[in-house]
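All remarks here apply to the structure that follows.
Each reported figure results from applying straightforward, stated rules to the coordinates on display, with no laboratory input. All values derive from a computational prediction rather than experimental measurement. All Cβ positions, glycine included, derive from the backbone under ideal geometry; neighbour counts span all protein chains shown.
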Amino acid sequence: MSIRKYIAYLRTIETGSITQAANDLGYTQSAVSKMIADLESAWQITLLTRNHSGIEITSEGQALLPRLQEIVRNYDDLNFAVSELHGVHSGLLRLGCFTSLSISVLPSVLRLFHEKYPNIQIQLFNGEYNNISEWLRRGMIDCGFLAMPTANDFETTYLFQDSLVAVLPPNHPMIHEPCFPVSRLPSENFVNLKEVQDYEINSFLDHLKTCPKITYEVTSDFALLSMVECGLGMSIVHDLILRPKRYHIVRLPMDITQFREVGIAIKRGSTPSAVTSLFIEHVLSCMKKSTFLEGMH
């Protein structure tokens with residue numbers, strides 16, 4: 001049985017769409033449908049059901065899924081080993097990451113990884129923690145960055161701490177103070193980030209004795225920072241989103257400390273591919289050399 005059919009079936013399960021799987025793999029939709037049909041015919045079972053909301057994996061398909069994932073992972077590792085014999089490291093890494101990390105320190109880490117392993121392709125999936133967790137569970141990504149603690153079905157390696165900080169317009173009267181007292185929040189025009197899923201900042205604000213006076217509410221980190229830069233108000237953000245400095249704003253620590261712990265996670269019980277292990281080792285090496293932590297504190 002062709003490994004291509006296994007890969008096509010797994011990508012269909014991962015994406016929830018035959019059309020998306022075909023686009024990802026460079027096939028036509030009919031070609032992917034036929035490959036899955038060939039598997040069903042050869043094994044005399046139904047692997048997928050189609051309904052108005054898309055496709056769903058059957059119980060038989062679910063039972064075979066870990067075996068198929070292992071076969072494809074071993075196939076990828078075999079190709080990686082062959083590439084090593086030729087002095088070339090090649091393969092694919094699918095990485096999940098949240099916005100503040102992907103726009104701050106991650107690019108320099110990826111650049112160093114690419115310099116060492118130029119033939120390894122990286123697909124970066126951006127989303128919130130819930131998205132990244134679901135992608136890991138479904139096998140859509142090989143590893144992902146998450147806030148700790150993570151769910152029990154992940155093995156997560158701690159990387160660093162990231163604090164919440166106040167951001168002020170450049171003409172704010174407190175820009176030269178050592179910290180921003182949260183007791184001042186009710187007297188400030190506050191630009192609030194409307195968080196879709198993770199609610200870290202809103203949870204912090206909800207536990208304060210004094211609530212901010214929300215003047216503006218946005219769904220984009222970048223819109224928030226632009227509004228603060230223009231003097232429309234101040235806000236509270238994760239320190240990571242400010243690295244490197246792209247906006248003319250002032251960062252101040254707060255008199256109440258709040259931070260998150262960030263780690264890199266894989267699915268518990270699954271053996272990471274050789275490429276995944278290589279990348280995690282690289283990330284940990286960068287952390288030890290302070291590549292991750294430069295300018296964080």
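Quick rundown of the values:
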quantity: Span-rule helices in the chain, defined as complete DSSP H runs reaching 20 Å or more along the axis (Cα) with Kyte mean at least 1.0; calculated: 274-288
quantity: Overall Cα dimensions of the chain, principal axis frame, Å, largest first; calculated: 73, 49, 33
quantity: Relative contact order of the chain, defined on C-alpha pairs under 8 angstrom at six or more residues apart (%); calculated: 21 percent
quantity: Quotient of C-alpha Rg and 2.2 N^0.38 Å, computed over the range 102-249; calculated: 1.21
quantity: Charge dipole of the range 1-65 about the Cα centre (unit charges at C-beta), most positive-ward option of T19, G61, Q44; calculated: T19
quantity: Convex hull of Cα atoms in the range 125-211, direction-averaged projection (nm²); calculated: 7.9 nm²
quantity: Volume in Å³ per residue [convex hull over Cα atoms, computed for the range 166-297]; calculated: 140 Å³
quantity: Antiparallel DSSP beta bridges within the range 89-297, as percent of all bridges there, nearest 5; calculated: 55 percent
quantity: Coarse-grained scattering of the range 1-65 at q = 0.22, 0.23 Å⁻¹, given as base-10 log I(q)/I(0) from a Debye sum over alpha-carbon atoms; calculated: -0.87, -0.96
quantity: Cβ-based charge dipole, the chain, positive-most Cα from A274, N119, C179; calculated: N119
quantity: Net dipole in debye of the chain [+1 Lys, Arg Cβ; -1 Asp, Glu Cβ; about Cα centre; nearest 20]; calculated: 340 debye
quantity: Which of N74, I264, F154, positive extreme of dipole for the chain (C-beta unit charges); calculated: N74
quantity: Length-normalised contact order of the range 1-139 in % [C-alpha pairs under 8 Å, at least 6 apart]; calculated: 19 percent
